[in-house]
There are 2 protein chains.
Amino acid sequence: MDYSLLSQAPLFKGLTADNIVTILSTVPHRVKKFQSGSMISQSGEPVNSLIVVISGVVKGEMVDYTGRVIKIEDIPAPGALAAAFMFGDRNRFPVNVIAVSDGELLLIEKPDFLKLLMRNDIILVNFMDMISNRSQFLSEKIKFLNFKTIKGKLAHYILQKAGKDKLSLKLDKTQNDLADFFGVARPSVARALREMEEEGYIEAKGKYIKLIDKKGLADLTIE
Amino acid sequence: MDYSLLSQAPLFKGLTADNIVTILSTVPHRVKKFQSGSMISQSGEPVNSLIVVISGVVKGEMVDYTGRVIKIEDIPAPGALAAAFMFGDRNRFPVNVIAVSDGELLLIEKPDFLKLLMRNDIILVNFMDMISNRSQFLSEKIKFLNFKTIKGKLAHYILQKAGKDKLSLKLDKTQNDLADFFGVARPSVARALREMEEEGYIEAKGKYIKLIDKKGLADLTIE
């Protein structure tokens, strides 16, 4: 197993490859190969282990009621699978997980993982950071979904970035990232930005945004 | 301090009042009184402690860019404040927290709380359940926000409850709860249900729903 990649996993942040070898030697674990195209877990199956992609890439996928397949996200090594679903009341895979390439998984059964958490405060904090980050990302996403128009979402994003005092800023997401985050098509983001410029709310130059009409932007968020 | 109420807190689930007394005697903690109307914490302040409402009620509140106050939720005793924000990268209160009544808080500083988690597997699992439940609730909520129409949201909710085989079911949420969860007004939920009945998708009798046209319901989810 390539421990150098594992040391880049959020769960093992702050630990060296040597630390990880030592820690894993004290806890029962398995390494499981998977082949491109294979089903790794099915939506609704219980999540009984910590699962980290050691090599290769898997993806999350949903099938809706009309049979449409909706891709949720790619998870490349060294990402964890369904970490926010190991605990809690809905302790099941929320989506199907399918291998995009050949690769390997590291598995630690839940009772063994619990022992590991209680013995190692770095891994404990890392794991709580991971599942808290998931909540925090989702909270943020919900804020944006609640704005009805794309201009409202963008205005909120810009005002939030600017804070109380700043009148100019640099976007830290590409238009593609923003579109993904808002759950809209990329051309809609480009169009909304253009219109907000034409209507005199902002001036945009690449990633640099100047706030021209802060009050107007605030009004856009409640349209 | 009334430990019997504390034994109903999700963090202390499975522990008796006596257990809790013993556990708290081993860890530094504070009890802080608050008065109705006082500000308990401000949006953006770091979350440096576990905070449990021991008595009384507090509420989360947001002020938007136009100065509108938006109430987020009431948190009565024995709920925890911002548990999903104690760890992770955005380790700050996401909203203002304001006292709705007089009451008391239990506070355990983060380093002391970490020690507690490593010493007590019940509290460790309870805490991970709490923050995972938050993620799971938010994931679910996002699913519903993504459906554009209220009929789409309801159709998804009904199909999800029914699963593969069932053709009738009992709603486990009131129309009020559904409206809150979908982020829409209650009369809109009542109207959508009525229309879905008139259009022949379902039959509704109070909380009991019969699925008449499952294929049609599935189509509603992608309108």
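Please treat every number below as a calculation from the coordinates, not as lab data. Note that this is a predicted model, so its numbers are computed, not measured. Note: ideal-geometry Cβ built from the backbone for every residue, glycine included; neighbour counts use all protein chains shown.
In the assembly of identical copies, B:Asp74 has its label point, taken 7 Å from Cα in the direction of the beta carbon, separated from the corresponding points by 4.8 nm (ascending, one decimal). Of the residues B:Val57, B:Asn126, B:Ser7, the one whose Cα sits farthest towards the positive end of the charge dipole of chain B is B:Asn126 (charges of +1 on Lys and Arg Cβ, -1 on Asp and Glu Cβ, taken about the Cα centre). In this assembly of identical copies, the label point of A:Asp89 (Cα plus 7 Å along Cα-to-Cβ) is separated from its counterparts by 3.0 nm, sorted shortest first. Taking a sphere under 9 Å around the Cβ of A:Phe34 and counting the other residues whose Cβ falls inside, with K and R at +1 and D and E at -1, yields a net charge of 0. Among A:Leu193, A:His29, A:Asn19, flag the residue with its Cα farthest along the positive direction of the charge dipole of chain A, charges on Cβ as +1 for Lys/Arg and -1 for Asp/Glu. Working it through, the farthest residue towards the positive pole turns out to be A:Leu193. Of A:Glu199, A:Glu104, A:Glu45, the residue with the greatest mean-square motion in the GNM of chain A, using alpha carbon springs below 10 Å, is A:Glu199.
Count Lys and Arg as plus one, Asp and Glu as minus one, and take only other residues whose Cβ is under 11 Å from that of B:Gly60; the net charge is then -1. For the stretch B:1-109, dividing the convex hull volume of the Cα atoms by the residue count gives 96 Å³ per residue. Taking Cβ atoms as reference points and 14 Å as the exclusive limit, the residues near B:Asn96 contribute a net charge of -1, counting Lys and Arg as +1 and Asp and Glu as -1.
Taken over the Cα atoms of chain A, the convex hull encloses 163 Å³ per residue. The dipole here belongs to the stretch A:1-147: it is taken about the Cα centre, uses +1 on the Cβ of Lys and Arg and -1 on the Cβ of Asp and Glu, and is about 260 debye.
Per-residue mean of foreign Cβ neighbours for A:135-147 is 6 (Cβ atoms of other chains, 10 Å radius). Within the stretch A:39-80, the ratio Rg/Rh, alpha carbon atoms throughout and Rh by Kirkwood, equals 1.01. For the stretch A:6-84 versus the stretch B:84-157, the inter-centroid distance based on Cα atoms is 23 Å. For the stretch A:77-164, lysine pairs separated by 8 or more sequence positions, or belonging to different chains, with Cα-Cα distances below 22 Å total 13. Of the trypsin sites (Lys or Arg not before Pro) in the stretch B:129-223, which ones lie in a loop per DSSP and count no more than 16 other C-beta atoms within 10 Å? Passing sites in the stretch B:129-223 are B:Lys148, B:Lys164, B:Lys166, B:Lys173, B:Lys207. Each copy carries B:Lys166; placing its label point 7 Å along the C-beta direction from Cα gives inter-copy distances of 4.9 nm, listed from smallest up.
In units of the rule-of-thumb radius 2.2 N^0.38 Å, the protein assembly as shown shows an alpha carbon radius of gyration of 1.06.
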